[in-house]
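Student: One structure follows; several queries about it will come next.
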């Protein structure tokens, strides 16, 4: 198997995408955070002492998405054309599902950006609520959908 992030001397490299065509690329990733009832109620009632948890998590997810190439060594800096975040309340867990959609017209995909955004957003929820519930669990961070590029579409 030819690993694209290693050169002929087995040294790490960033893939050269200069010869690739620009295409519209979209990625959707999601993840879940579960917590106890007290923490969940604190979040949905907007009574957290650190501020509005969901709104802060969305801003953090957007920031994390934009900073992906600073965090993941082989990711290219990208000119993202759109980032959308959706938070779904899951009272039956209790917890929340965060979904991040990334989009651009470019030469490389946006999957890592969507996954990083989800991770940072969920970690922000954890950080803001950990005084109430240190046992929260972040799980099921995954790519849901990807379109565009040479490898085509993916749908979970």
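Student: Modelled with pLDDT of 90 or more, in contact with a strand residue (DSSP E or B) (Cβ under 6 Å, 6 or more places away or on another chain), surrounded by 13 or more Cβ atoms within 10 Å (Cβ to Cβ) and under 23 Å from residue 93 (Cα atoms), is that true of residue 27?
Tutor: So residue 27 fails the test.
Student: Specify the residue that is modelled with the lowest pLDDT; the eligible residues are those in the range 68-79 that are buried (at least 16 other Cβ atoms within 10 Å of the Cβ) and closer than 20 Å to residue 31 by Cβ.
Tutor: 75
Student: Is at least one residue of the range 89-99 closer than 29 Å to residue 15 by Cα, buried (at least 22 other Cβ atoms within 10 Å of the Cβ) and either more than 12 Å from the chain's Cα centre (by Cα) or at pLDDT 95 or above (or both)?
Tutor: Within the range 89-99 (the criterion being closer than 29 Å to residue 15 by Cα, buried (at least 22 other Cβ atoms within 10 Å of the Cβ) and either more than 12 Å from the chain's Cα centre (by Cα) or at pLDDT 95 or above (or both)), the answer is no, since none of the residues qualifies.
Student: Follow-up. For residue 131, are the conditions met, namely being in a helix (DSSP H, G or I) and over 30 Å from residue 19 (Cβ atoms)?
Tutor: The answer is no for residue 131.
Student: Suppose we filter 83, 120, 125 for residues that are under 13 Å from the mean Cα position of the chain (by Cα), crowded, with 18+ Cβ neighbours inside 10 Å, at pLDDT 95 or above and under 25 Å from residue 39 (Cβ atoms); which single one remains?
Tutor: Of 83, 120, 125, the one residue that is under 13 Å from the mean Cα position of the chain (by Cα), crowded, with 18+ Cβ neighbours inside 10 Å, at pLDDT 95 or above and under 25 Å from residue 39 (Cβ atoms) is 120.
Student: Does residue 141 satisfy being surrounded by fewer than 18 Cβ atoms within 10 Å (Cβ to Cβ), closer than 19 Å to residue 30 by Cβ, in contact with a helix residue (DSSP H, G or I) (Cβ under 6 Å, 6 or more places away or on another chain) and touching a residue at least 60 places away in the same chain (Cβ under 8 Å)?
Tutor: Yes, satisfied.
Student: Against the condition modelled with pLDDT of 95 or more, more than 18 Å from residue 36 (Cα to Cα) and either in a loop (DSSP other than H, G, I, E, B) or in contact with a strand residue (DSSP E or B) (Cβ under 9 Å, 6 or more places away or on another chain) (or both), how does residue 114 come out, does it pass? First the steps, then the outcome.
Tutor: Values: modelled with pLDDT of 95 or more: yes; more than 18 Å from residue 36 (Cα to Cα): yes; either in a loop (DSSP other than H, G, I, E, B) or in contact with a strand residue (DSSP E or B) (Cβ under 9 Å, 6 or more places away or on another chain) (or both): yes.
Against the criterion (modelled with pLDDT of 95 or more, more than 18 Å from residue 36 (Cα to Cα) and either in a loop (DSSP other than H, G, I, E, B) or in contact with a strand residue (DSSP E or B) (Cβ under 9 Å, 6 or more places away or on another chain) (or both)), residue 114 qualifies.
Student: Give, as residue ranges, the helices (runs of 4 or more DSSP H) completely inside the range 7-90 that count at least 2 residues that are under 24 Å from residue 112 (Cβ atoms) and out of contact with any helix residue (DSSP H, G or I) (no Cβ under 6 Å at 6 or more places or on another chain).
Tutor: Result: 53-66, 68-71.
The values are calculated or read from the model by the stated rules, or taken from the named source; none is laboratory data. This is a predicted model, so every value here is computed, not measured. Methodologically, a virtual Cβ is constructed for each residue, glycine included, from the backbone with ideal geometry; neighbour enumeration extends over all protein chains shown.
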